[in-house]
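The values are calculated or read from the model by the stated rules, or taken from the named source; none is laboratory data. Fair warning: this is a prediction, and the values are worked out from it, not measured in the lab. Cβ atoms come from the backbone with ideal geometry, glycine included; neighbour counts cover every protein chain shown. Ligands, DNA and RNA are excluded from the accessible area calculation, which covers all protein heavy atoms including side chains. Shrake-Rupley method; radii C 1.70, N 1.55, O 1.52, S 1.80 Å.
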Amino acid sequence: EAKENGSAQYRFYDAASDQTSLEQVMLERDLENAIANGQLRLLYQPKIDIRSRRTVGVEALVRWQHPLLGTIPPLKFIPLAEKSGMIVPIEQWVLRTACMQVKQWELEGSEVVPVAVNISQIHLMKPDIYQSIIDLLQELDFPPSLLELEITESAMMHNEEHVIRILENLKQVGVSVSMDDFGTGYSSLSYLQSLPIGCLKIDRSFIHKMATDSDSRAIAEMIISMAKQLGLDIVAEGVETEEQVAMLRHLECYNAQGYFYSKPVPPERALQQMTDIPAS
Ligand code: C2E
Ligand code: MG
Ligand code: MG
Ligand code: MG
């Protein structure tokens, strides 16, 4: 009987892994046409000033609406897109859609706030990324100061010179850059100082453990005071509880993003949040 179980288990695992690769193949194939088929959409998560509870910016987060598989989260298809190179047209679509959305919100009566777009390392390494962003901003007549790029710590460390040059050029024209998921990589202080970035986003793993784990709290505290000394803005990611908000306030970190305030939401809902006067 044990043997039968064993082989049944074997068959089970085998089937599961077959299914995974089949799914991967299907996703890779379908991703090629996802833009043309209108299957990508953006959700927006507000960045909140915890003192006024007002929206001070939004982050665009991509979703793939697959006809058979439903909504596919970015962590499931961005890596595939990076592998196949589709990440570049996808992020060009994200940039365009996010900028157009801000203009649309403005038409609908919202205060304008900057929109942040996540940029993958693969895209950042493209020699023409700077020019293509400039072209887009010109075509849409979009103020560069309303566009922010979020780049992970590890992507920034990848090819220092190229990356620094691109970021410096972007900064020159007014596009700002944030370091995303900060604290998960290995940036040194002096390296941080050499980068033309305007903001650090503290990774949500520290925020999550901050209330219960003194090491995480110490790290968050250190990141915040270091950012201040370097003159960088700071955003706490993944804020979920009142207690975390209180701790951030105490540490004088006033910008937060997280489910406590709002999940990523469709554009109409984001507009509502921006135009509602928050109860304080
Ligand atoms: P990220 O840029 O760090 O974005 C934050 C992620 O954390 C989002 O997940 C958001 O929904 C989630 N989040 C926000 N607040 C909370 C919270 O309070 N609790 C928890 N548990 N999670 C929270 P999402 O939308 O699934 O995106 C995951 C990642 O996918 C993003 O992490 C980003 O790295 C990547 N991504 C999304 N869109 C793009 C894109 O257009 N290009 C690239 N390269 N990456 C993207
Ligand atoms: Mg981000
Ligand atoms: Mg992040
Ligand atoms: Mg993160």
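Which Rg and Dmax, in Å, describe the Cα atoms of the chain?
20.6, 71
Considering only C-alpha atoms, what is the centroid distance from the range 85-141 to the range 229-280, in Å?
For the range 85-141 versus the range 229-280, the Cα centre distance is 23 Å.
Estimate the FRET efficiency between ALA36 and MET157 by the formula 1/(1 + (r/R0)^6), using the beta-carbon distance for r and 45 Å for R0, to the nearest 0.05.
Working from the Cβ atoms, E equals 0.85.
With all pairs of different alpha carbon atoms counted, what Kirkwood hydrodynamic radius in Å does the range 119-172 show?
11.6 Å
Go through 262-274, 56-68 and give me the packing order, highest mean Cβ count within 10 Å leading.
Those peptides, ordered most packed to least, come out 56-68, 262-274.
Tell me the relative contact order for the range 60-136 as a rounded percent, counting alpha carbon contacts under 8 Å between residues six or more apart.
30 percent
How large is the dipole of the chain about the Cα centre if only Lys and Arg carry +1 and Asp and Glu carry -1, each at its Cβ, rounded to the nearest 20 debye?
300 debye
Would you mind telling me which residue in MET156, MET26, MET100 has the biggest mean-square fluctuation in a Gaussian network model of the chain, where springs connect alpha carbons within a distance under 10 angstrom?
MET26
I want to make sure I understand the PRE zone here: with the label point 7 angstrom from the Cα of THR71 toward its beta carbon, which residues in the range 236-280 have backbone N atoms less than 17 Å away?
It comes to 258-273, nothing else.
Determine the principal axes of the Cα atoms in the range 144-280, then give the extent along each, sorted from largest to smallest and rounded to whole angstroms.
The principal-axis extents, from largest down, are 44, 39, 22 Å.
Could you state the accessible area per residue of the range 114-236 in Å², with a 1.4 Å probe and every protein chain left in place?
Solvent-accessible surface per residue comes out at 47 Å².
Do you know the relative contact order of the chain, to the nearest whole percent, from alpha carbon pairs under 8 angstrom that are 6+ apart?
It comes to 19 percent, rounded to a whole number.
In this model, which of LYS126/LYS263; LYS76/LYS263; LYS76/LYS171; LYS103/LYS228; LYS126/LYS209 are farther than 27 Å apart at the alpha-carbon?
Listed pairs above 27 Å: LYS126/LYS263; LYS76/LYS171; LYS103/LYS228; LYS126/LYS209.
If each Cα of the range 128-222 is one equal point scatterer, what is log10 of I(q)/I(0) from the Debye formula at q = 0.16 Å⁻¹?
With one equal scatterer per Cα and no solvent, log10 I(q)/I(0) is -0.71.
So for the range 176-236, Kirkwood radius off the Cα pairs, Stokes-Einstein at 4 °C and 1.567 mPa s: how many µm² s⁻¹?
Once the numbers are plugged in, D ends up at 111 µm²/s.
Helix hunt in the chain: which complete DSSP H runs extend at least 27 Å axially by C-alpha with mean Kyte-Doolittle at least -1.0?
Helix filter hits for the chain: 2-34, 87-107.
Taking the alpha-carbon distance from LYS83 and a cut-off under 13 Å, which aspartates and glutamates remain once sequence neighbours fewer than 8 residues away in the same chain are dropped?
Filter leaves GLU28, GLU32.
Quick one: with all protein chains in place, what share of the accessible area of the chain is carbon or sulfur, to the nearest percent (1.4 Å probe)?
Of the solvent-accessible surface of the chain, carbon and sulfur hold 50 percent.
What residue among HIS158, HIS250, HIS208 shows peak mean-square fluctuation when the chain is described by a Gaussian network model with Cα springs under 10 Å?
Between HIS158, HIS250, HIS208, it is HIS250 that shows the largest mean-square fluctuation.
Give or take rounding to whole Å, what are the principal axis extents of the alpha carbon atoms in the range 56-181, in descending order?
41, 36, 26 Å, listed from the longest principal axis down.
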